[in-house]
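Novice: Before I ask anything, let me first share the structure, which is written out below as structure tokens.
Read-outs throughout are calculated quantities, based only on the coordinates presented, and are distinct from any laboratory measurement. Here the structure is a predicted model, which is why all the values come from computation and not from measurement. All Cβ positions, even for glycine, are placed from backbone atoms using ideal geometry, and neighbour counts span all protein chains on display.
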Amino acid sequence: MTALRFIALPTDTARALRAGGPDANGQAPVRRVSDGAGIPCRHCLAPVAAGDPYLVLAHRPFPAAQPYAETGPVFLHAGDCPRHGEDAGMPPMFRARETWLLRGYGADDWIVYGTGGPVPTRDLEARAADLLARPDVAYLHLRSAQYNCFQCRIEEG
């Protein structure tokens, strides 16, 4: 099977947001305290523990605005956390849910039609490898199957 890289939010971006920098909507992130349920940090790709502070912010995981460049809410630990290593494989946090949404994008950052859909977690890595083997797919987004929230980018290793 093809090696996959699960690519988290860059550390420089996380630092800027933690310092109050503007999100994709030009607003400062909102600070909250986790109840321990369903708060996945997009930098370390691990859950925010109950009682820990986190940030809620708008994120557009694309290099520029264009018709397919969706913006949506994401969570980030309010304090420093280690960035998920791209060569560390699928984060354990992703194994905790039964289904995810995968969607392929071309080198132009536009959706590649026919690549999106729900995938059972047990099939996630195989489906990602199959999609990335296509010449028209440059990378994937892993998103929540329930809410469509961006989790991370996936590329070949």
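Novice: Take D136, D12 and order them by how many other Cβ atoms sit within 10 Å, fewest up front.
Specialist: If I rank by nearby Cβ atoms, fewest first, I get D12, D136.
Novice: Counting Lys +1, Arg +1, Asp -1, Glu -1, what net charge surrounds H77 among other residues with beta carbon under 12 Å of its beta carbon?
Specialist: Charge balance in the 12 Å sphere: +4.
Novice: Go ahead and run the numbers for FRET between D87 and Y113, Cβ-Cβ distance against an R0 of 30 Å, rounding to 0.05.
Specialist: 0.45
Novice: While we're looking at this one, here's another question. Please identify the chymotrypsin sites (Phe, Trp or Tyr not before Pro) of segment 40-82 that satisfy two criteria: DSSP loop assignment and at most 16 other Cβ atoms within 10 Å. Which are they?
Specialist: Y68
Novice: Computed FRET efficiency, Cβ-Cβ of D123 and Q27, R0 41 Å: what is it to the nearest 0.05?
Specialist: Efficiency computed from Cβ-Cβ geometry: 0.65.
Novice: Relative to the Cα centre, what is the charge dipole magnitude of segment 9-77, using +1 at the beta carbon of each Lys and Arg, -1 at the beta carbon of each Asp and Glu, and rounding to the nearest 20 debye?
Specialist: It comes to approximately 100 debye.
Novice: Something else now. Using alpha-carbon pairs under 8 Å, 6+ residues apart, how would you state the relative contact order of the chain in percent?
Specialist: 26
Novice: Take the Cα atoms of the chain, build their convex hull, and give its volume per residue in Å³.
Specialist: 106
Novice: Something else: Once the other residues with Cβ under 12 Å from the Cβ of R122 are scored (Lys, Arg +1; Asp, Glu -1), what is the net sum?
Specialist: Charge balance near R122 sits at 0.
Novice: Fully extended, how many nm does the chain gain between A50 and D130 (0.36 nm per residue separation, minus their Cα-Cα distance)?
Specialist: 25.1 nm
Novice: Taking the Cα centre of the chain as the origin, how large is its charge dipole in debye, to the nearest 20, when only Lys and Arg (+1) and Asp and Glu (-1) carry charge on their Cβ atoms?
Specialist: 340
Novice: When all C-alpha to C-alpha distances in segment 87-156 are sorted into bins of 5 Å, what percent of pairs does each bin hold, rounded to whole numbers?
Specialist: Calculated P(r), rounded to whole percents: 4, 18, 32, 27, 14, 5, 0.
Novice: Further, regarding this structure: If I take every Cα pair under 8 Å that is 6 or more residues apart in segment 1-71, average their sequence separation and divide by the length, what percent do I get for the relative contact order?
Specialist: Rounded, it is 27 percent for segment 1-71.
Novice: For labels at S144 and D12 in the simple 7 Å Cα→Cβ model, what's the distance in nm?
Specialist: 2.9
Novice: Additional query: Treating each Cα of segment 52-119 as an identical point scatterer and ignoring solvent, apply the Debye formula and state log10 I(q)/I(0) at q = 0.15, 0.23, 0.26 Å⁻¹.
Specialist: -0.74, -1.30, -1.25
Novice: Could you work out the per residue convex hull volume over the alpha carbons of segment 1-52, in cubic angstrom?
Specialist: 112
Novice: Using the charge dipole of segment 87-156 (Lys, Arg: +1 at Cβ; Asp, Glu: -1 at Cβ; taken about the Cα centre), state which of W110, Y147, G89 has its Cα farthest towards the positive end.
Specialist: Going by the charge dipole, the pick is Y147.
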